[in-house]
Amino acid sequence: MPFSLNELVTVIFTLFAVIDIIGSVPILISIKQKMGGINEFRATLISGALMILFLFAGEEFLQILGLDIKTFAVAGSVVIFILGLEMVLGLEFFKSEKDVKAATLVPIAFPLIAGSGTLTTIVSLKANFHDLTIFLGIFINLIVIYVVLRSLNFIARLLGSAGLIAVRKFFGVILLAIAVKIFAENAHGLIK
């Protein structure tokens, strides 16, 4: 049988943990303030499109580009590392051009939401779960992502400016650690 509720719950929570939209809240608030806003629906739509593309054609798509999952993961880890440095050091590597459309794609849709970890996880889940189960898991996570993106102003008011700074620095270190882990797990064998 291709569909199982237990398997769906496993996929939903696996993707939720990897996407970590809650952990991305401080950087999303920062990007929203820097860029003058976020198009929440567009960010969710682009993220969903990337995830679904990788569900059905991920490995093939990368092969067409002459890439593999490890190379893709390393590239994503570098971007995540830079975002983490921004958060911890208070520096600005991604220059704010007040272009909400550009910010919606990079760094929000990729790599924060549909990053290399998420896309690699989706390809990996195909080994154990049916495509329909993974598709539904992606869809449910997209609903959560949209709700969080729409609630950023409320979350910012709830935390206050001092709370945002503390949470931003804390999650910056977490992002740095995630980036190092992704890099370490995928970099070996790439340099010959």
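The values are calculated or read from the model by the stated rules, or taken from the named source; none is laboratory data. Owing to the predicted nature of the structure, the values given are computational and were not obtained by experimental measurement. All Cβ positions, even for glycine, are placed from backbone atoms using ideal geometry, and neighbour counts span all protein chains on display.
Checking Leu8, Leu62 one by one, the residue that is farther than 26 Å from Phe183 by Cβ and surrounded by 14 or more Cβ atoms within 10 Å (Cβ to Cβ) is Leu8 and no other. Among the conditions (1) under 20 Å from Ala103 (Cα atoms); (2) under 17 Å from the mean Cα position of the chain (by Cα), the only one that Thr120 does not satisfy is (1). Take the conditions modelled with pLDDT of 85 or more and buried (at least 20 other Cβ atoms within 10 Å of the Cβ) and apply them to Leu28. Does it pass? For Leu28, the condition - modelled with pLDDT of 85 or more and buried (at least 20 other Cβ atoms within 10 Å of the Cβ) - is met.
For beta carbons closer than 6 Å, sequence separation of 6+ or different chains, a first residue in the range 160-179 that is in contact (Cβ under 8 Å) with a residue 24 or more places away in the chain and a second that is of a type in the set (S, T, N, Q), the qualifying pairs are Ala179/Ser77. Only one of the numbered conditions (1) among the hydroxyl-bearing types (Ser, Thr, Tyr); (2) under 12 Å from the mean Cα position of the chain (by Cα); (3) closer than 20 Å to Thr44 by Cα is not met by Ser151, and that is (2). Cβ-Cβ contacts under 9 Å between residues 6 or more apart (or on different chains), taken from a first residue in the range 102-123 that is farther than 17 Å from Ile178 by Cα to a second residue that is of a type in the set (S, T, N, Q) and surrounded by fewer than 22 Cβ atoms within 10 Å (Cβ to Cβ), are listed as Ala103/Asn39; Ala103/Ser96; Thr104/Asn39.
Determine whether Gly84 is modelled with pLDDT of 90 or more and at negative phi. No.
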